[in-house]
Amino acid sequence: MSTQNPTAGQPGDAEVDPSRRTWLTLTCGAGAALGAAVAAPFILSFQPSERAKAAGAPVEVDVADLKPGQLKTVEWRGKPVWLLKRDQSMIESLKKTDSQVADPKSDRPGMTPEYAKNETRSRKEDLLVVIGICTHLGCSPNSRFTPGPQPNLPDDWAGGFLCPCHGSTFDLAGRVFKNKPAPDNLEVPPHMYLSDTKIIIGEDKKA
């Protein structure tokens, strides 16, 4: 009686040569690795890189949580950007400081976009957006929003910012007071509103 397997010899049942099997395995493995290598940069391309951020990629900011009198700080191009929600008394104080600041209309070039060349130095009078770096030697001023006499400030202080390095003072629009070491107002970065509560810093296409 024959003991031969009745299915032997049917199409597709021939054994794969061992050397061919090894080659197929290596080829499939290399293909999978190549696919992963190609997919990884593609996936990562959806996220802004640290290099792009450092180079000045725009920064989107939600200011819905800012209450009057509050200051929020975000980073853009490695610099602190202040977003100050001014209340009505802060806005009105700018009329008082008009005659005390060195550049009340922000005429000096390079520090203020055209759309912020107004008394409040802003697109909307209640929100100030400035780079928090003193224009003297690059120190970061401190907030001194409470009006009235206090150390290192005049008795008629209306609120603003004080640079601790050499005593430069700025009002609540970031305008430098007269006879101070800082030569210019605090810089207003390019920015625009995306909605009533969201702004983007680093772009001003609608300007």
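Of the three principal axes defined by the Cα atoms of the stretch 52-201, the extents in descending order read 42, 31, 26 Å. Note on residue 205: aspartates and glutamates with a C-alpha under 16 Å away, same-chain residues under 8 apart excluded, are 60, 114.
Sorting 84, 66 by the number of Cβ atoms found within 10 Å of their own Cβ, with the fewest placed first, yields 66, 84. Here the relative contact order of the stretch 52-201, from alpha carbon pairs under 8 Å that lie six or more residues apart, stands at 26 percent. By the rule of a C-alpha distance below 24 Å, with chain neighbours fewer than 8 residues away ignored, the lysines paired with residue 180 are 79, 95, 96, 105, 117. Ignoring lysines fewer than eight residues from residue 67 along the same chain, the ones with Cα atoms less than 20 angstrom from its Cα are 85, 124, 198.
All of the numbers you see were taken from the coordinates with simple rules; none came from a lab. As the structure is a prediction and not an experimental result, all values here were calculated from the model. Methodologically, a virtual Cβ is constructed for each residue, glycine included, from the backbone with ideal geometry; neighbour enumeration extends over all protein chains shown.
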